[in-house]
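First the structure, in the form of structure tokens, and then the observations on it.
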Amino acid sequence: MIIQELREKTIPEHREVTGTAVTEATMQRLQPPFAMEAAPIPNPLPIPIPLPPIVGPRILIYKQDPTVAELGVRAIFIPSTVLNGPSDTRITTELPGTTPVARNINGDFIFTPNSPQFDCAHTYAVVRETLTMYQRHNDGAPIPFAWNTGGNLDRITVFPHASVGANAFYSRTAKALKFLFFTPTGSTDEVFTCRSLDIVAHETGHAILDGLKPGWLSAGNPPQTGGLHESFGDLTAIFLALSEPDQAEALVALTKANLHAKNFLSALAEQFGQALGLPFGLRNADNDLKLSEVGNEVHSISQVFTGGIYDVLADIYAFERATQGGVKSPTVILMDVAAKLCKLLFQAIKQAPATAATYTDVVNQMLQISAAQGDPNIYRTFIRNRFAFREVVTSPTPFTEMLSGEMDLMNADYTGDGKAAKDVTQVKVADAASASLRAVQDRSSCCGTMQMPEFQVIAPDKLASKGDLSNDDILATELAALKKAFK
Ligand SMILES: [Zn+2]
């Protein structure tokens with residue numbers, strides 16, 4: 001019933017997305033709530049109403065991607081200055097023949113879904129929302145891109161239709177996010193990666209993490225460091241979705257507040273995944289993979305960390321629902337829990353080592369920050385248990401009750417050992433000989449970012465020094481050899 005209502009309010013089916021009927025219906029719902037010619041006020045108000053100046057546009061976007069009919073297209077409000085392009089202080093958009101895309105008379109970017117203008121506005125909006133989400137978790141301070149050092153203010157350029165291919169990537173040398181498009185085998189419909197909120201958020205996650213931890217993208221790091229990068233991209237898509245009330249509410253309704261039910265949140269990049277024949281999207285966050293099951297392939301390794309964080313999210317949500325369910329709605333609790341966990345992960349990553357960071361490093365930072373900010377003990381029990389189950393860390397407290405579904409969700413001090421609370425904030429690596437810590441990174445199944453020569457060739461220490469990267473940096477070793485040969 002709820003889904004039916006959702007469908008009626010949004011797009012009925014994938015194939016009708018491009019139809020004009022849908023577009024008109026959508027446009028009707030998006031009439032501006034105020035007229036440009038204001039109606040005369042009948043009686044002047046004696047007391048002025050304190051109003052902040054209206055800054056920022058409405059932008060029409062896909063809330064997941066064209067195949068997720070439950071969410072469809074919606075208008076969002078960006079509460080900051082956006083100029084034609086769209087562009088702002090940090091982001092600009094490039095599509096030859098289309099950009100700069102102009103705001104309408106109300107200052108909004110409202111276009112027919114799947115038009116070039118729509119794709120520019122949609123892609124910009126998702127990049128902007130992602131950056132803003134992490135800026136909030138950074139206590140409001142701006143997050144530099146990797147090249148924003150020494151007063152450099154260069155923006156990142158978003159290319160919604162960069163070229164043909166089944167991929168998308170972030171490049172530090174190009175200071176760009178590039179989204180490709182392709183026609184799947186056996187189909188005539190093109191798939192545009194820029195129309196997927198998950199893919200745009202994932203690639204933006206790479207760019208943001210490269211600004212925070214510029215040494216992490218190098219293939220010279222252990223596989224787990226690469227896994228952290230891929231996982232951060234996927235978790236960015238999940239946390240961005242959960243930062244939006246309509247997505248959080250639709251998820252709660254679809255799953256009856258059970259985060260382990262099959263849903264659009266854990267199935268990342270639905271349309272892209274379907275086009276490649278993957279029924280559950282590009283990756284499935286709700287997985288049970290352990291480190292011993294994934295070798296040294298970075299994308300597989302990333303799913304272990306993503307799955308661990310997703311389980312912690314589901315655990316904390318179950319606990320907070322049990323404790324706060326009488327005073328808050330499931331949607332509000334979910335948004336609170338997701339924002340808190342996202343911030344905890346973000347802060348833990350900031351405090352992790354500059355190069356060669358491991359899952360254990362990040363888990364320990366999460367445990368320590370969580371304890372320092374006074375979270376209930378049970379939060380740390382969830383974190384320890386879930387990453388112990390996945391063979392990332394050792395388990396100082398038993399997790400047999402987790403495996404048998406007997407965790408005491410009503411007990412904030414729960415540690416699993418049935419005695420006085422034993423809060424452990426420093427755990428050890430479970431298997432120091434794991435291939436995920438020692439082998440050479442295999443990036444064969446990763447997104448385009450991990451395939452970029454700049455991140456394959458340049459050493460972690462050089463990348464960690466931040467700043468501009470040029471093609472000569474990529475070719476430095478070979479150029480030095482040539483210099484010697486041509487002496
Ligand atoms: Zn990636």
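The values are calculated or read from the model by the stated rules, or taken from the named source; none is laboratory data. Quick caveat, the model's predicted, so the values are computed rather than measured. Cβ sites come from the backbone with ideal geometry, for glycine too, and all protein chains shown count toward neighbours.
Among the residues in the range 88-104, are any out of contact with any helix residue (DSSP H, G or I) (no Cβ under 7 Å at 6 or more places or on another chain), hydrophobic (A, V, I, L, M, F, W, C) and either modelled with pLDDT under 90 or closer than 23 Å to Pro245 by Cα (or both)? No, every residue in the range 88-104 fails to be out of contact with any helix residue (DSSP H, G or I) (no Cβ under 7 Å at 6 or more places or on another chain), hydrophobic (A, V, I, L, M, F, W, C) and either modelled with pLDDT under 90 or closer than 23 Å to Pro245 by Cα (or both).
For Ala261, the conditions (1) closer than 26 Å to Leu334 by Cβ; (2) among the aliphatic types (A, V, I, L, M); (3) in contact with a Phe, Trp or Tyr (Cβ under 8 Å, 6 or more places away or on another chain); (4) in a loop (DSSP other than H, G, I, E, B) are fulfilled apart from (3). Pairs are defined by a Cβ separation below 7 Å, a sequence spacing of at least 6 or placement on different chains, a first member in the range 438-450 that is over 22 Å from Ser292 (Cβ atoms), and a second member that is among the basic types (Lys, Arg) and within 13 Å of the ligand (Cβ to nearest atom); the pairs so defined are Met450/Arg443. Considered as a group, the residues in the range 181-203 that are in contact with an Asp or Glu (Cβ under 9 Å, 6 or more places away or on another chain) and assigned to a helix (DSSP H, G or I) include one that is farthest from the ligand (Cβ to nearest atom), and that residue is Arg195. The listed residues are Asp234, Asp210, and the only one of them that is touching a residue at least 24 places away in the same chain (Cβ under 8 Å), of a type in the set (Asp, Glu), out of contact with any His (no Cβ under 7 Å at 6 or more places or on another chain) and in a helix (DSSP H, G or I) turns out to be Asp210.
Just checking, does the range 290-301 include any residue being away from the ligand (no atom under 16 Å from the Cβ), assigned to a helix (DSSP H, G or I) and touching a residue at least 12 places away in the same chain (Cβ under 8 Å)? Within the range 290-301, one or more residues are away from the ligand (no atom under 16 Å from the Cβ), assigned to a helix (DSSP H, G or I) and touching a residue at least 12 places away in the same chain (Cβ under 8 Å).
Listed conditions (1) crowded, with 21+ Cβ neighbours inside 10 Å; (2) not in a loop (DSSP other than H, G, I, E, B) are all met by Phe145, apart from (2). A count restricted to the range 311-340 and to residues that are free of Cβ contacts under 8 Å to residues at least 40 places away in the same chain, part of a helix (DSSP H, G or I) and not acidic (Asp, Glu) stands at 5.
Each row is one residue, and each column tells you yes or no for (1) more than 14 Å from the ligand (Cβ to nearest atom); (2) in a helix (DSSP H, G or I); (3) modelled with pLDDT of 95 or more; (4) crowded, with 23+ Cβ neighbours inside 10 Å.
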site: Gly220; (1), (2), (3), (4): yes, no, no, no
site: Ala241; (1), (2), (3), (4): yes, yes, no, yes
site: Glu249; (1), (2), (3), (4): yes, yes, no, no
site: Ala253; (1), (2), (3), (4): yes, yes, no, no
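Applying the criterion of being small (Gly, Ala, Ser), at pLDDT below 85 and more than 14 Å from the chain's Cα centre (by Cα) to the residues of the range 258-294, the residue that is surrounded by the fewest Cβ atoms within 10 Å (Cβ to Cβ) is Gly277. Residues of the range 151-207 being free of Cβ contacts under 8 Å to residues at least 12 places away in the same chain and not hydroxyl-bearing (Ser, Thr, Tyr), which ones? Within the range 151-207, Gly151, Gly186, Asp189, Glu190 meet the criteria.
Out of curiosity, is Val126 of a type in the set (Val, Ile, Thr), closer than 25 Å to His299 by Cα, more than 16 Å from the ligand (Cβ to nearest atom) and crowded, with 16+ Cβ neighbours inside 10 Å? If you could, list the steps in order and put the result at the bottom.
Values: of a type in the set (Val, Ile, Thr): yes; closer than 25 Å to His299 by Cα: yes; more than 16 Å from the ligand (Cβ to nearest atom): no; crowded, with 16+ Cβ neighbours inside 10 Å: yes.
So Val126 does not fit the description; no.
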